[in-house]
Structures are given as C-alpha cells and as structure tokens.
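Report on the structure given below.
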Amino acid sequence: MAAAIPPVKALARPNAILFDWDNTLVDSWPTIHDALNTTLAAFGRTPWTLAETRRRVRKSMRDSFPALFGDDWQDAGEVFYRRYGEIHARNLKPLPGAAAMLDAAAATGIFLGVVSNKKGDFLRVEARHLGWDRYFGALVGALDAERDKPAPEPVRLALKGSGVAPGPEVWIAGDADIDLECAHNAGCTAVLIRAAVPDPGEFDAHPPAGHFGGCDALSKYVKNL
C-alpha cells in the first residue's frame, strides 16, 4: 500500500524555498502547448492535445528533444524558442495566490529561489515582467547549470552564496514528479503544490514530505511559521 503523505503541520520551518516556475507560480501550459505544437508541425510530427502536453512535458529541452526529434533536435529547439519568445510575456498569468505567497515568504526572511527547466533567459524575462525578480535570490533555469532538473546541480547553483546548504531545511516546491525527484536527488525536502490530491502510488518513487492544495495554502502556512 502506498505511504500516506504526511500532514503539512509536520513540516519544520525551512531556511530556503526553491520553487518550480511553470505551473507552480505561473500558468504556462497554453504557451508551452502552442510553441510545442508549432515545432511538432514544422517537423512533420502529429500535434499533441493539451492533455498530452500536460502529461508529457517535464524535462528540459536538452533532456527531452533528442527523443522527440532525433538528430534534428537542436533545429527543433530553435523553432520552439522562436515561437515561445513571440508569445510568452503577453500570455503570462500568475497562478491564484502566488504573489501573496511570495510576499508572505519574503517577509519571513526565508531565502527564496527558482529552479526551473525553462531556459534561464526566458525565466528571468518572465520574473522581471511580473516584478517578481525582487523576491528571489536566484533564478536558475535550463542550461544555467551543468545539468538540469532532476539533477541536483541547479539546486546547488541556486543556493550558492546564500549561506544555506542543500539539506532537509531546504524545500523544493513544485507541481510535478520531476520536482520531487530533484528534491530527493539534492537531499532536500520535497513539497508538492497542486490542486489535485495525489493518486495512490503516484509519487511512491519520490514521495513529497507534504502537499499544499495551492499557493494560498502555502502562504497561510508560511505566515504562521
């Protein structure tokens, strides 16, 4: 039988929280879906449904596009990034409660950062566009470290110079299995943020230490630390 996810009250105060970006703090699925289908069509592949995109997009481009496009993966990446760059800023939508959550967390003095599999340049443009770059001591995206999530290198890079070392006092908070795997690989505390309650056995390989149903829930918790 799958182990139950511990109650949120069991989590100790973190010294740092490293957030995923896409679909943890902002709704990026329509933009990712548009750019991906533009790329698939350009290379004669069958477009995906939005449900397929949500289910299949996890890894960074350098870890996922070779399997999708073979030797053409770098050319495909250029098509994807060109289309993504055209539409991402105007389509950017913060998830409900995300800004308040970041305000609450920043007020506690907890070190905040982002570890994302979005290309680092795009990540930082989006953070500045929302005015959220002020919250974060580090914004680490794909290609910024030697390897991308779920490898631990982006976590180490995000914490570099913060005075906080990777360990249980660092939360890695995200909506997907790859975020939880990254936390385990880095020796940190994995925190799941998403509305859906995990299915039995869904995260048995890399279980979260706790589950918040959304940004508002995490914000309320952080305010009471």
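Each reported figure results from applying straightforward, stated rules to the coordinates on display, with no laboratory input. Model, not experiment: these values are computed from the prediction. Cβ sites come from the backbone with ideal geometry, for glycine too, and all protein chains shown count toward neighbours.
Overview of results
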| item | result |
| --- | --- |
| Radius of gyration, Dmax [the range 29-91; alpha carbons; angstrom] | 10.8, 32 |
| The chain, helix-only ellipticity at 222 nm - DSSP H runs n ≥ 4, -39,500 (n - 2.57), divided by all residues, nearest 500 | -13000 deg cm²/dmol |
| Excluding exposed DSSP-loop chymotrypsin sites (Phe, Trp or Tyr not before Pro) (at most 16 other C-beta within 10 Å), longest clean stretch of the chain | 49-225 |
| Contact order relative to length of the chain, as percent, for alpha carbon pairs under 8 angstrom and 6 or more apart | 27 |
| Gaussian network model of the chain, Cα within-10 Å springs - most flexible of Leu130, Leu139, Leu159 | Leu130 |
| Test item: Cα-centred dipole of the chain, Lys/Arg +1 and Asp/Glu -1 on Cβ, debye | 520 |
| Proximal charge balance of Val191 [Cβ under 11 Å; K/R count +1, D/E count -1] | -2 |
| Percent of C-alpha pairs per 5 Å bin, the chain, short to long | 1, 7, 15, 20, 20, 17, 11, 6, 3, 1, 0 |
| Per-selection Kirkwood Rh - the range 47-159 (Cα, Å, 1 d.p.) | 15.6 |
